[in-house]
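As structure tokens, the structure follows; a few thoughts come after it.
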Amino acid sequence: MTRTDRWREIITLATPVVIAKLSFTAMGIVDTAMVGRLGATPQAAVGIATTYMFTLYVFGLGLIGVINTFVSQNHGAGRLDRCGVVLGHGQRIATVVGAVTLIILLLSGPLFHWSGLSAGVSDQGYSYLVFRVIGLPGVFWYWTYNAYLEGLGETRTPMRISLAANGINIVLDYTLIFGVGPIPALGVEGAGIATALSNLFMLGCFVVVIHRRKSVYRRYGVRSIWAPINWDLMRRMIRIGLPMGVQLFLEIGAFLVISVMVGWVSDVSLAANQVALRVMSVSFMTAWGVSVAATTLVGRHQGERQPDLAAAAARRALLLIFGFTVIYGAVFASLPRTLAELFTPFDNVATAATTLIYVAAVIQVFDGQQMVAYGALRGAGDTRWPLYVVVSLSWGFGVPLVYILTIPVGLGVLGAWLGVLAMLASQAMVLLYRFRSGHWKTIRVDDDADPPRDTAPPSNADPPSNASRDTDPGYEATI
């Protein structure tokens, strides 16, 4: 491939992922925006409940994310049937983790009341949570299919499914929050039900696409998902995935604790915090999408035993997200009040959020770098180092700094965001250093698998990777 082809490869992979992640986060944005019409307290309640729920979600998502690492490396090594075996083992993990997470969330009512938040925020937040987690085990299965396809480099199908689900969520949100005709207005509970149903719709779409009789993914092992458990493979996946889950749990957990600290200041501060987070979520999801592309390409090249190509792909991903975040930063800094007013009709909330959006313009540049660097390390299977970074810099440095600036120093919610800026900037620098050190190049995640039986899709099959469709000049001849 030429240099242009390499750039086209990562852009082709990343763009659908970015759109899919933006569409997924749009569900939460729509919830926040529509519930914001009910008042600052409901808006703060949905925001804090979403943050808490996502904190517990991400442990399972981190474990499930290991599917991408194993599938991409096996795909690169030509072990195509092994990709489906990995998916099946990931689904077993997802079933157990999803059930445990569901139980924990449903028993979280007292935690909301002990958090120190106002009664209105805690009561409505828990009500939203109960309805939002209706289909949680199914949501975890949805993420297993998503990770499997991303590991193969097929990112357009998840994008299409996410866009369809987002359209359904908008209609359901409006109908169930405000009431239409004979359907009563359910408020925050309606927002939770709408998003839960939309997530289950996505799972159904993935099942149909991947398991239909003429599915091309049969070539990539989907008929092997119920193969007997390979305990060595299961141990490897858990060993690589567990640090990913813990790292994401601790990182998002730090933001939950920070949000609670902001809630100690006032409901208006917490609502402004959630508005600014929603604005920044556009940048966050873009970085997540580019990070997934980095994971896929680094994993694939590692499976091919070409670490130099893996490093080059990661560098392009870092440059790509830097360009995105600079553009987002310019927009945030130019239109902070306008962006804030998209999510709240209340002047005091919008005024407080405007200041935070200025800070977000800088924060998201560092956030993008640390997320993509982590994605590259994850593709190589280097997952312990990022865990150490989060423990030391998020909890050992960031959370205490946020508390000091927010409460004793008295800067309030602005102090919290300045602390987050320092935390993410330090994490970005350390993760970039780790990647550039090259220690990850010697890691092998699935070397004990059977030797490759195939190195290319059959001539009558559509290669799943959308990057292959756009960059392989011989592709047209194969179909």
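Taking Cα pairs under 8 Å and at least six residues apart, what relative contact order does the chain come out at, in percent?
Relative CO of the chain lands at 25 percent.
In whole percent, what relative contact order does segment 290-355 give with Cα contacts below 8 Å and a gap of six or more residues?
In percent, rounded to a whole number, it is 23.
Run the quick spin-label model on residue 239 and residue 212: label points 7 Å from Cα toward the beta carbon, then report their separation in nm to one decimal.
For the pair residue 239/residue 212, the computed spacing is 4.0 nm.
From the phi angles alone, apply the Karplus equation (6.51, -1.76, 1.60; θ = phi - 60°) to segment 66-74 and give each ³J(HN,Hα) in whole Hz, x where the residue is Gly or Pro.
Per-residue couplings from phi come out as 5, 4, 4, 4, 6, 5, 5, 5, 5 Hz.
Compute the helix-to-body angle for 3-36: its Cα long axis versus the longest principal axis of the chain, expressed 0 to 90° and rounded to tens.
Between the helix axis and the principal axis of the chain, the angle is about 30 degrees.
Please identify every one of the trypsin sites (Lys or Arg not before Pro) in segment 256-340 that sits in a loop by DSSP and has no more than 12 other beta carbons within 10 Å of its own beta carbon.
Sparse-neighbourhood loop trypsin sites (Lys or Arg not before Pro): 305.
Quickly rank 417-429, 105-117 as a protection proxy: mean count of other C-beta atoms within 10 Å, highest first.
Per-residue mean Cβ counts within 10 Å order the peptides as 417-429, 105-117.
Report, in degrees rounded to the nearest 10, the 0 to 90 angle that the Cα long axis of helix 188-211 makes with the longest principal axis of the chain.
0
Using Cα atoms only, what is the angle between the long axis of helix 231-265 and the major principal axis of the chain, expressed in degrees (0 to 90) to the nearest 10?
For helix 231-265, the angle is close to 20 degrees.
Any idea what the alpha-carbon Rg over 2.2 N^0.38 Å comes to for the chain?
Against the compact-globule rule of thumb, the ratio is 0.95.
Where a number appears in this text, it was derived from the coordinates with a stated rule and is not lab data. Predicted, not measured: the structure shown is a model, and the values here were computed from it. Every residue, glycine among them, receives a Cβ derived from its backbone with ideal geometry; neighbour counts consider all protein chains shown.
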